[in-house]
Amino acid sequence: MSYRPQQKPEAELQFSDRELRDLAVAWLTLSVAFALMFAPVHRGRSVGVFLTMVALSLVTVGVAFLLHEIAHKMVAIEHGQLAEFRADYQMLFLAIMGALIGFLVAAPGAVYHRGQITTRENGLIALAGPVTNLALALLFLPLVILPEPLRTIGQMGIWINLFLAAFNMIPFGPLDGKSVIRWHKGVFAVVFVPSIVLAAYVVFFVGPFG
């Protein structure tokens, strides 16, 4: 008589109504915050330009933020966790207020997960978001050689994804970097250093619009 080990049931990516609402609120708020950061570039122009920036931010921030959080959730589920995104409404308010004075805090919430887990698995879950943003920055890169509005979308996509990757890899508080460095300092350095260098280069020498 042969014995066949029981296979682990495949994890399913599902979203509760509350989770979808929190993702939508965080997406919209972050989009407005980034648009406020970009608005000074167009100071003195019409309100229509700002609304255009909001629309472009909805696209670029939507891809960067949503895929960042979904990556956390997917890796958590793959490791047997129960995981859901929860918006932090105080931090979302701070993001808007900070953007008005030219300083953006991009901590709109987090994917909370529970279940038995190792330090390595927790590090991998944390790493998934920033690595996704770095990959997205590369995917947005070819758009910068195309006509408008794709060129601007490409430039904003690169800027936003590098910013989110670098910010979230800071090893402080609830940010992803703290869990990654606790697991493996070498992996942390390999991801954190390029993220900071590239983000700083874009911010100080290139800008979000090339």
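Tabulated data for the structure shown
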| item | result |
| --- | --- |
| Residue in the stretch 138-153 that is of a type outside the set (A, V, I, L, M), surrounded by 15 or more Cβ atoms within 10 Å (Cβ to Cβ) and farther than 28 Å from Val32 by Cβ present | no |
| Output for the stretch 178-189, where each listed residue is within 13 Å of Val131 (Cα to Cα) and either aromatic (Phe, Trp, Tyr) or modelled with pLDDT under 95 (or both) | Phe188 |
| Scan of the stretch 190-210 for residues that are modelled with pLDDT of 80 or more and exposed (fewer than 15 other Cβ atoms within 10 Å of the Cβ), ordered by number | Val190, Val193, Val197, Ala200, Tyr201 |
| Residue in the stretch 69-76 that is at pLDDT below 95, surrounded by 22 or more Cβ atoms within 10 Å (Cβ to Cβ) and closer than 16 Å to Ile160 by Cβ present | no |
| Among residues of the stretch 94-123, those that are assigned to a helix (DSSP H, G or I), surrounded by fewer than 21 Cβ atoms within 10 Å (Cβ to Cβ), touching a residue at least 40 places away in the same chain (Cβ under 8 Å) and hydrophobic (A, V, I, L, M, F, W, C), counted | 2 |
| Within the stretch 155-189, considering residues that are exposed (fewer than 15 other Cβ atoms within 10 Å of the Cβ) and among the small types (Gly, Ala, Ser), the one farthest from Ala107 (Cα to Cα) | Gly186 |
| All positions within the stretch 1-52 that are at pLDDT 90 or above, surrounded by fewer than 16 Cβ atoms within 10 Å (Cβ to Cβ) and either of a type in the set (Asp, Glu) or not in a loop (DSSP other than H, G, I, E, B) (or both) | Asp17, Arg18, Leu20, Arg21, Ala24, Val25 |
| Unique residue being farther than 30 Å from Arg120 by Cβ and of a type in the set (Val, Ile, Thr) when the list is Val193, Val202 | Val202 |
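The values are calculated or read from the model by the stated rules, or taken from the named source; none is laboratory data. Please read these numbers as outputs of a predicted model, since none were measured by experiment. Glycine also receives a Cβ, built like all others from the backbone with ideal geometry; neighbour counts cover every protein chain displayed.
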